[in-house]
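Here the structure is laid out as structure tokens; the discussion comes afterwards.
Throughout, read-outs are computed from the coordinates displayed, never taken from laboratory work. Computed from a predicted model, the values in this text were never measured in an experiment. All Cβ positions, glycine included, derive from the backbone under ideal geometry; neighbour counts span all protein chains shown.
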Amino acid sequence: MVKVLLTGGSGFIAAHIVDILLQHGFDTVVTVRSDEKGKQILKAHPDASKEKLSYVIVQDVAKDGAFDEAVKSSPPFDYVLHTASPFHFNVQDPVKDFLDPAIKGTTGILKAIKAYAPTVKRVVITSSFAAIVNPDQHPKVYSEKEWNPVTWEEGLDHSKVYRASKTFAEKAAWEFVEQEKPNFDIATINPPLVFGPVVHYLNSLEAINTSNQRMRNLIRGDMKEKLAPSGTFLWVDVRDVALAHVRAIEVPEAGGERFFVTAGIFTNKDIADVIRDTHPELESKLPPKDSPSDLPKDIYGYDNSKSQNVLGIKYVPLKKTVVDTVDSLLAIGA
Ligand code: NDP
């Protein structure tokens, strides 16, 4: 059987990756920070046997040798998917809270695999559009060719540190492969804002993952007076992001490649309009119907053809994503 180690198994995106790995027949071991989260994941998959799904604890990816035991835990691993990395806006210490776990977490798992898991053929790393975007000088069209030019000093700014953490972590991964020439290759998945259904077993409305927060805020009336700025204008459905990770281990040509996975352009107004249409009972919580769109006239374009051609992703449209996300939020009490 083909065996995969998935880090950050309790995360929003990882929860969907687990489902696809199991559907595609992989034996799956997830890393989680606590026994409680591991047990919740097993309980939510009662049909998966102990061989099919298990967990191992990695409390802090930033610690030296954090993954050494995990990669040795249940050999032989064939593939590793590394999703664990902080994504929130609660910055106290930019280095400790973001840069260390993102960068050391990524190099740490690569070092551990090289040292202790010689059977691993490929590592897929969840990078981000954050490692692509050039916010001060958008290109005409974004693709895998672009890199965020952020410097370390700029990255210490609290408003830039998340994007910097993803940029430096991805760069460190490519440098590791270049310098260490390990037995495995890598691929990165670079999504922009990820929306989509939350899994009920890991979520409460208060602790909803960062990228779905605008959806929760919209339906609980936080933008009733005024739509919040969209900020980023590119999005993708979580199920497409999860599938891209799994396809990146299944498709041989994905090795050594970056994949910009995006379904296209959106604004918060587009989301509000879909909700108004599909959930009329939420109308009183939504911003006024004639709220202006904040889409810039000269909005950048995007090229997602590589993800379609190599990974075979067929993107879920915004309407379905919004409906499924809202329904999942209503199911946990929104
Ligand atoms: P979540 O916050 O839901 O998941 C993050 C996961 O990483 C959780 O399992 C979390 O564990 C774990 N984690 C964070 N810090 C540490 C640490 N120091 N040690 C051990 N585990 C840690 O976020 P997403 O699912 O949205 O994000 C997953 C990945 O996708 C991240 O790499 C993120 O940067 C990337 N991404 C996300 C996008 C989005 O819009 N959602 C867009 C682009 C990229 P715990 O839950 O126990 O804290």
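Assorted remarks:
- Comparing Ser293, Phe87, Ala263 along the charge dipole axis of the chain, the residue lying farthest to the positive side is Ala263, per the Cβ-charge model.
- When the P(r) is computed for region 130-242, the part past 25 Å accounts for 38% of the Cα-Cα pairs.
- As a length-normalised measure over Cα pairs under 8 Å and 6 or more apart, the relative contact order of the chain settles at 18 percent.
- Pairs exceeding 25 Å between alpha-carbon atoms, taken from Lys37/Lys320; Lys3/Lys96; Lys140/Lys320; Lys111/Lys171; Lys145/Lys319; Lys3/Lys111: Lys37/Lys320; Lys3/Lys96; Lys140/Lys320; Lys145/Lys319.
- Where Cα atoms sit under 13 Å apart: lysine pairs in region 174-298 separated by 8 or more or lying on different chains: 7
- Using only side-chain charges placed at the Cβ, +1 for Lys and Arg and -1 for Asp and Glu, the dipole size of the chain relative to its Cα centre rounds to 340 debye.
- Normalised by residue count, the chain yields a Cα convex hull volume of 132 Å³ per residue.
- Listed values for region 291-297 are Karplus-derived 3J(HN,Hα) couplings in whole Hz (6.51 cos²θ - 1.76 cosθ + 1.60, θ = phi - 60°), namely 4, x, 7, 9, 5, x, 4, and x replaces Gly and Pro.
- Taking the charge dipole of the chain about its Cα centre, with +1 at Lys and Arg Cβ atoms and -1 at Asp and Glu Cβ atoms, the residue from Gly65, Thr321, Gln179 reaching farthest to the positive side is Thr321.
- Once both labels are positioned 7 Å from their Cα atoms along Cα-to-Cβ, the gap between Asn217 and Val2 label points is 4.0 nm.
- Computed extension length for Lys314-Ile332: 3.6 nm, one decimal, from 0.36 nm per residue of separation with the Cα-Cα distance subtracted.
- Mean-position separation - Cα centroids, region 198-226 and region 11-85, in angstrom: 26 Å
- Long-range HN-HN contacts of Leu81 with modeled amide H, under 5 Å: Leu5, Leu6, Thr7, Val124
- Label point distance in nm, Val251-Ser305, each placed 7 Å from Cα along Cα→Cβ: 1.4 nm
- Here the label points at Asp60 and Thr278, each 7 Å from Cα along the C-beta direction, are separated by 4.1 nm in the simple model.
- Neighbour net charge for Phe266 - beta-carbon separation under 12 angstrom, K R +1, D E -1: -1
- Taking each residue as 0.36 nm, the span from Lys289 to Ser34 lengthens on full extension beyond its C-alpha to C-alpha distance by 87.4 nm.
- In terms of its C-alpha gyration tensor, region 268-334 comes out oblate, because a/c is 1.5 or above while a/b does not outweigh b/c.
- Amide H contacts of Phe260: Glu144, Asn190, Ser307, each under 5 Å away and 5 or more positions distant or on a separate chain (H built 1.01 Å from N in the peptide plane; Pro and chain starts excluded).
- Tensor-based shape of region 244-307 (alpha-carbon gyration tensor, a/c under 1.5 rounded, otherwise prolate or oblate): oblate
- The magnitude of the dipole of region 71-219, with charges of +1 and -1 set on the Cβ of Lys/Arg and Asp/Glu and taken from the Cα centre, is near 380 debye.
- Cut-off 17 Å, label 7 Å out along Cα→Cβ of Trp147, residues of region 170-185 by amide N: 170-180
- Sites Lys121 and Leu205, calculated FRET efficiency, Cβ-Cβ separation with R0 41 Å, nearest 0.05: 0.55
- Candidate cross-link partners of Lys39 among the aspartates and glutamates, defined by an alpha-carbon separation under 18 Å and a same-chain spacing of 8 or more, comprise Asp19, Asp27, Asp47, Glu51.
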